[in-house]
Amino acid sequence: MKKRYFIYFSYNGAAYHGWQFQPNGISVQEVLTKAICTILRVDIELTGAGRTDAGVHAKTMVAHFDLESNLPNNFDLCAKLNSFLPNDIAVSRIVEVQPDAHARFDAISRTYEYHVTTSKNVFKNEFAARISDNIDFKAMNEAAATLSEYSDFTSFSKLHTEVKTNNCKISLAHWDQSDDEWIFTIRADRFLRNMVRAVVGTLFEVGRHRMSVEEFRGVIEAKNRCKAGVSVPAHGLYLVDIQYPKDIFLCS
């Protein structure tokens, strides 16, 4: 009888062309799939909770895979994977779930962070975008607070994507300071391609006083990607959490 497992892992996305298999570049999905297949000596398909673009990081990513039987007793697949995988991918846990549980379609929320630094810090070049120190975070938070009032985010979506709807339900969007960094946290039931980076880029327009909060509302209401700001660099973006209904898990 088929057994389905969720695998939780993190990765530094700097060396990868995103999560999803790519014909002309190495992906996290490719590396992790190969590692599982090699260790278990079976062919598996790994289905992710979503996709991250080239250079984007994940503190928490989830995928599912199927096996025809239970994992062997006293077999620590997490440890074996972590000894096999490169240093920029780490597995934290593997749990059995209902046979029809789906890493992508059963997710009830996803949370991203975007990290920026206002000072030159050589240890954060890969992990935070640098911006000027005179940006108005209070104004950006006022604009961010309006996101939860809307559902159609066409203005922040990559053009020509194959999705049935551009509607998302945003439950959290806020900037917070941490030492010399500012972190934008945004949570929703789903996200569109390039959405977070486009939201942050447009918020920067507010923070630089090139756009008012009401004009930010106008961007959303226009449902036109050309009205929004440019997408910010990928290396400041992190997928940090994915939540699922508790009843899909067969054990804690």
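No lab work stands behind these numbers, since they all come straight from the coordinates. Since the structure is predicted, the reported quantities are computational estimates derived from the model, not experimental observations. With ideal geometry, Cβ positions are generated from the backbone for all residues, glycine too; neighbour counts draw on all protein chains shown.
Hey, what do the phi angles of the range 2-10 turn into as Karplus ³J(HN,Hα) couplings, whole Hz, using 6.51/-1.76/1.60 and θ = phi - 60°, x for Gly and Pro?
Karplus values, whole Hz, x for Gly and Pro: 4, 10, 10, 10, 9, 10, 9, 7, 10.
Pick from Phe21, Phe75, Phe137: which is most flexible by mean-square fluctuation in a GNM of the chain where alpha carbon atoms under 10 Å apart are linked?
Most flexible of the set in this elastic network: Phe75.
For the charge dipole of the range 109-240, defined by +1 on Lys and Arg C-beta atoms and -1 on Asp and Glu C-beta atoms about the Cα centroid, which residue among Val163, Leu192, Val206 has the Cα displaced farthest towards the positive pole?
So the residue we want is Val163.
Among Lys59/Lys246; Lys34/Lys59; Lys3/Lys246; Lys138/Lys227, which pairs are too far apart, with a Cα-Cα distance over 28 Å?
Violating the 28 Å Cα-Cα cut-off are zero pairs.
Taking the Cα atoms of the chain alone, what are Rg (to one decimal) and Dmax (as a whole number) in Å?
Values for the chain (Cα only, Rg and Dmax): 19.4, 61 Å.
Between Thr165, Thr111, Thr33, find the one with the highest GNM mean-square fluctuation for the chain; connect C-alpha pairs within less than 10 Å.
Maximum fluctuation in the GNM of the chain, among the listed residues, is at Thr165.
What is the chain's relative contact order, in percent, from Cα pairs under 8 angstrom and six or more apart in sequence?
That works out to 25 percent.
Any number yet on Rg/Rh for the range 3-106, C-alpha, Kirkwood?
0.94
Say a paramagnetic label sat at a point 7 Å from the Cα of Ser132, along Cα to Cβ; which residues of the range 191-220 have their backbone N under 19 Å from it?
Residues 200-213 qualify, since their backbone N sits under 19 Å from the label point.
What shape does the range 109-240 have by the C-alpha gyration tensor, where a ≥ b ≥ c are the square roots of the eigenvalues, rounded means a/c under 1.5, and otherwise prolate means a/b greater than b/c and oblate the rest?
It is prolate, given that a/c is not under 1.5 and a/b is the larger ratio.
Determine the gain in length on full extension of the stretch Ser92-Phe123; use 0.36 nm per residue of separation and subtract their C-alpha separation, reporting nm with one decimal.
Extra length available between Ser92 and Phe123 comes to 8.7 nm.
How big is the antiparallel share of DSSP beta bridges in the chain, given as a percent to the nearest 5?
90
Please state the charge dipole magnitude for the range 3-106, taken about the Cα centre, from unit charges on C-beta atoms (+1 on K and R, -1 on D and E), reported in debye and rounded to the nearest 20.
Values: 9 positive and 11 negative charges, 40 e Å.
With Lys and Arg at +1 and Asp and Glu at -1, about 200 debye.
Determine the gain in length on full extension of the stretch Ser69-Arg210; use 0.36 nm per residue of separation and subtract their C-alpha separation, reporting nm with one decimal. Numbers along the way, then the final one.
Values: separation 141, 0.36 × 141 = 50.76 nm, distance 5.86 nm.
Stretched out fully, the Ser69 to Arg210 stretch lengthens by 44.9 nm.
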